[in-house]
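Peer 1: Structure below; questions to follow.
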Amino acid sequence: MTEKGTKTTEKAAERAVQRCIEPACAGTFGLRERIYVCPRCGGSIEIDCRLPAREEAGQLRERWRMRLASPEARDRSGVWRFREMLPFAEDTAFVTLREGNTPLYDAPRSAHYCGLAGLRLKHQGMNPTGSFKDTGMSAAVTQAMVLGARTVVCASTGNTSASLAAYAARAGVTAAILLPRGQISAAKLAQSMDYGALVCEIDGNFDDGMRLIQELGEDPAIYVANSINPFRIEGQKTVAFELMEQCGWEVPDHVVVPGGNMGNSTALGKGFQELLDLGLISRLPKLTVVQAEGSAPVARLFASLDSRRPAGDNSLPATMAPVENPRTLATAIKIGAPVSWKKALRAVLRSGGRVIAVSEQEIADAKAMIGRDGIGCEPASATTVAGMKRLVASGHIGREESVIGVLTGHVLKDPDYISQYHRGTLSLDAGAKDGAAQPIAGTFRNAPERVAATRAAILEILERRR
Ligand SMILES: *Cc1c(COP(=O)(O)O)cnc(C)c1O
């Protein structure tokens, strides 16, 4: 190892450790240890960053904002401009595609649909590969380079693989990705092929892929880039910083996110908690996670807790019953055994938020409303607006409260779904032999019209639409 390499390691090591989240264990491990679960007790691992001193915190806000005007790639990145909060040395060769710095949109039609006075949507689909995964992948692939790994792997419902493929290509390392055959949108698969990854289509679902990945990760030459990787979470937590900056550091009442493997909710919760610890915000927004009904193990667990526990009891259950055969057209969250459920649930409970589930019809209609705001997103992202509508109806979110939804993927990630919804042919398990297919109504359908190629025909149809 070069002298410089040693120095870099020491500086990064001063700043953070990896720690087991189980209070009874709380084992700590160096940043260079390639672990995804605690080697002592099997618990989840998170990175414990030594945060900057509170006195410096006020200056940080200004420094982070100023970096946006810098010509340097690491300053312009929406991840690396927050590097004081990250477990990397200042002189690391960051792998970046200019991720982050995504828009926060007003969504008046969606707000009205939910029964809210106002609603803002943070669009993480506006990242380089079209999903929020890029913020985490920038950090995970940077860590792979720090460790000298030559091969990075992931199991994916599509977006993780597209993102890993792109970042691995930037870094010049091999990416191998495991996808459930026939269960991935064509657009996501196409991205992974274009970025040069080794695409392995497995006969199994995402959860089978995830099991395989954990076995592959035992090989010291292979680095796992799923959100079980704590460095992914570090990159993704910067979204909380960026969001607060966009809110002028005024804490919203609610932040609502979709839940699949639960990495995104874990990361947002960690980001807000760190801002609170630093004194940059004065309270936590309530973090609510929304799953699809056919794939909602954490929502089920949350519902079972909710009825029994006294207020203020944030202790976590030891286990979660997985969903054996998850069903949803929102393929990005079609996950029956989310690996980060415990970290995410801890963040939700601390913040006073909830975990709920919504139906396929609710997701599809909410997605169409987001489209009508001129924003658009992929199906999984629309669970947020569907979830808000439910929570406003049940009184958990007040009409006048400030609410932010996190959209996780780009509208073009799954065009087949959109086209089928608007033509009225969308159906869960279409083609199922046992007759289990469940049609989804095109409530806000907007099918193309077949029109004669004349001025009169077009004017007539415009008149009818008015
Ligand atoms: C990955 C993904 C999710 C789920 O995020 P988790 O961190 O797995 O909970 C939701 N939506 C989209 C578009 C995704 O790509």
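Peer 1: Restricting to region 257-279, give me the number of residues that are surrounded by fewer than 19 Cβ atoms within 10 Å (Cβ to Cβ) and not in a helix (DSSP H, G or I).
Peer 2: Count: 1.
Peer 1: Continuing with the same structure: Name every residue in region 58-84 that is under 19 Å from the mean Cα position of the chain (by Cα) and under 26 Å from Gly148 (Cβ atoms), in order of residue number.
Peer 2: Listed by number, the residues that qualify are Ser77, Val79, Trp80, Phe82.
Peer 1: Can I ask one more? I'd like to know if region 86-109 contains one or more residues that are free of Cβ contacts under 8 Å to residues at least 60 places away in the same chain, in a helix (DSSP H, G or I) and under 21 Å from the mean Cα position of the chain (by Cα).
Peer 2: no
Peer 1: Of all residues in region 39-62 being of a type in the set (A, V, I, L, M, F, W, C) and within 18 Å of Pro87 (Cα to Cα), which is surrounded by the most Cβ atoms within 10 Å (Cβ to Cβ)?
Peer 2: Of everything passing the filter in region 39-62, Ile45 is surrounded by the most Cβ atoms within 10 Å (Cβ to Cβ).
Peer 1: Here is a further query. Test each condition in (1) modelled with pLDDT of 95 or more; (2) open to solvent by less than 50 Å² (accessible area, probe 1.4 Å); (3) over 30 Å from Pro52 (Cβ atoms); (4) in contact with a Pro (Cβ under 7 Å, 6 or more places away or on another chain) for Phe302 and report the one that comes out false.
Peer 2: (4)
Peer 1: Do you know which residues across region 127-159 are within 12 Å of the ligand (Cβ to nearest atom), assigned to a helix (DSSP H, G or I) and open to solvent by 10 Å² or more (accessible area, probe 1.4 Å)?
Peer 2: Scanning region 127-159 gives a single hit, Lys133.
Peer 1: Answer yes if at least one residue in region 376-384 is in a helix (DSSP H, G or I) and either open to solvent by 10 Å² or more (accessible area, probe 1.4 Å) or away from the ligand (no atom under 13 Å from the Cβ) (or both), and no otherwise.
Peer 2: So far as region 376-384 goes, no, none of its residues is in a helix (DSSP H, G or I) and either open to solvent by 10 Å² or more (accessible area, probe 1.4 Å) or away from the ligand (no atom under 13 Å from the Cβ) (or both).
Peer 1: In region 353-372, which residue that is acidic (Asp, Glu) and over 14 Å from Asn446 (Cβ atoms) is most open to solvent (accessible area, probe 1.4 Å)?
Peer 2: Glu362
Peer 1: Continuing with the same structure: Would you confirm whether or not region 332-345 contains a residue that is in contact with a helix residue (DSSP H, G or I) (Cβ under 8 Å, 6 or more places away or on another chain), more than 22 Å from Gly42 (Cα to Cα), within 11 Å of the ligand (Cβ to nearest atom) and part of a helix (DSSP H, G or I)?
Peer 2: Yes, region 332-345 contains at least one residue that is in contact with a helix residue (DSSP H, G or I) (Cβ under 8 Å, 6 or more places away or on another chain), more than 22 Å from Gly42 (Cα to Cα), within 11 Å of the ligand (Cβ to nearest atom) and part of a helix (DSSP H, G or I).
Peer 1: Just a yes or no: is a residue in region 42-57 of a type outside the set (Lys, Arg), part of a loop (DSSP other than H, G, I, E, B), under 27 Å from Ser402 (Cβ atoms) and at pLDDT below 95?
Peer 2: Yes: one or more hits.
Peer 1: Also, I was wondering about something else. May I ask you to verify whether Arg350 is farther than 26 Å from Leu428 by Cα, open to solvent by 30 Å² or more (accessible area, probe 1.4 Å) and either part of a helix (DSSP H, G or I) or within 16 Å of the ligand (Cβ to nearest atom) (or both)?
Peer 2: In short, yes.
The values are calculated or read from the model by the stated rules, or taken from the named source; none is laboratory data. Since this is a predicted model, take the numbers as computed values, not measurements. Cβ: placed from backbone, ideal geometry, glycine included. Neighbour counts: every protein chain shown. Ligands, DNA and RNA are excluded from the accessible area calculation, which covers all protein heavy atoms including side chains. Shrake-Rupley method; radii C 1.70, N 1.55, O 1.52, S 1.80 Å.
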